[in-house]
1. With +1 assigned to the C-beta of every Lys and Arg and -1 to the C-beta of every Asp and Glu, and no other charges, what is the dipole magnitude of the chain about the Cα centre in debye, to the nearest 20?
2. Do you know the relative contact order of the stretch 259-354, to the nearest whole percent, from alpha carbon pairs under 8 angstrom that are 6+ apart?
3. How would HIS380, HIS171 line up by accessible area, probe 1.4 Å, largest first?
4. Solvent-accessible area per residue for the chain at a 1.4 Å probe radius, Å²?
5. Would you mind telling me which residue in SER13, SER266, SER400 has the biggest mean-square fluctuation in a Gaussian network model of the chain, where springs connect alpha carbons within a distance under 10 angstrom?
6. Roughly speaking, to the nearest percent, how much of the chain's 1.4 Å accessible area is carbon and sulfur?
7. Take the Cα atoms of the stretch 277-411, build their convex hull, and give its volume per residue in Å³.
8. Can you tell me, using C-alpha contacts under 8 Å and at least 6 residues apart, the relative contact order of the chain as a whole percent?
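The values are calculated or read from the model by the stated rules, or taken from the named source; none is laboratory data. Since the model is a prediction, treat every value here as computed from it, not as a measurement. Cβ placement follows ideal geometry from the backbone for every residue including glycine, while neighbour counts extend to all protein chains displayed. Side chains included, ligands, DNA and RNA excluded: accessible areas come from the protein's heavy atoms. Shrake-Rupley method; radii C 1.70, N 1.55, O 1.52, S 1.80 Å.
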Amino acid sequence: MKQKKSDIPSFTSYQKFIIVLLAILQFTIILDFIIISPLGDVLMKTLDMTTTQFGLAVSAYAFSAGGSGLLAAGFADKFDRKKLLIFFYSGFIIGTIFCALSTGYWTLLAARIVTGLFGGVIGSVSLAIVTDLFVIEQRGRVMGFIQMAFATSQILGIPLGLYCADKWGWHSSFLLIAVLGMLVLIGIIIKMHPVYKHLGLQEDKNAFQHLWHTVSNKKYQVGFAAIALLSVGGFMLQPFGSAFLVNNIGIAQEDLKMVYFFTGLSVLFIMPLVGKLSDKVSKVRLFAAGSFIAIVTIMFYTNLGPTPLWEVVIINMIMFMGVMSRMIPATTLNTGIPEMKDRGAYMAITSSLQQIAGGIAAVFAGFIVHQETKTSPLEHYDILGYIIAAVTICSIFLVSRVDKLVNTKTKSESVPAAQDAIMEY
């Protein structure tokens, strides 16, 4: 149902600051993960890794992130969310520095595990903060801006990271992320207010009881399943993205920056529009439309052979516009499911399951895709496209169930009361 412009709450100056801060933070988290994909071809050749080993290196981050998220879920609503953010973000920066200092496959694998242990919790803490400080009528726009971090990482982060890798070696790409992370951490410590109102609503006596009550909630389980499926496509395609572009499509290593730049530019353009639409129209219909675009373009892309650069750029732009058009409405709907007292735990579990599902997808992709030599084309990449299409169709059904749960919950809540809660921050 379409809302009137006057019914859509505006942002306070502090809320705007939080959006910018979390967007830059999310930029570093996303860049740390996706930079390994464009560096994939270089890493596999430099560190003498097979496709299976590289898939394990990618999934190591996901599995450790998922595990730490589940362990932290019971404690996520027991502390000030600002303190949790500072703790885990500090660990993430240290892990990223370890990645930069890696000298071989095993040291890189260990460093990715450490980075995932801390980085996997940050997204859930950020979402809990967004849910605490913004009513659901604002969250589509908020998620649109925060998830622009993905586009920015494509436009600025990856090209800059690849430039540093070409100039000073692949290690420098991770050092760049660590330095930016330190600046963000200083901003959180100095400028961000404590977020602790949820502490007065706690009923469970210990963390494990709180975790169990959250996991066993049947309504929450629908959200867990829906969000977990969203990460499957990205984790299957991205790890071998640069290797596919170079060895199958015929894109030169130095032209990869151009592909990622224009792909990110398209996402940067679409994200604010999708965010605004998400606050005005049916989120589940918007999700379904993005899913249709994603299915068609992914299946076409994964079957490509040698293709001119300009065609690859256009296909990638359309494909990622579809993929990211799914993320905003789905994530926004997901924030509407949990009660305030469960938000930290719910977001942590959601993030963990998303990471674990993605890690499993990356491992399977590593076994499905095969490369005879370091320079030969990837085989069976098209199979990934068919699997992603099937999973995407299933996710539409689950997100529609989430939409019904959120609509029922929203009708029973008072928007003015939620607005009063925001003013207290």
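1. Working: 31 positive and 24 negative charges, 242 e Å.
For this selection, approximately 1160 debye.
2. On the way: 75 pairs, mean separation 40.6, N = 96.
Computed value for the stretch 259-354: 42 percent relative contact order.
3. Numbers: HIS380 90, HIS171 65 Å².
Listed by decreasing accessible area, they come as HIS380, HIS171.
4. On the way: 17450 Å² over 425 residues.
On a per-residue basis, the chain sits at 41 Å².
5. The residue with the greatest mean-square fluctuation here is SER13.
6. Numbers: 12240 of 17450 Å².
Solvent-exposed carbon and sulfur of the chain make up 70 percent of the total.
7. Working: hull volume 16.2 nm³, N = 135.
Measuring per residue, one finds 120 Å³ for the Cα hull of the stretch 277-411.
8. Working: 681 pairs, mean separation 122.3, N = 425.
Computed value for the chain: 29 percent relative contact order.
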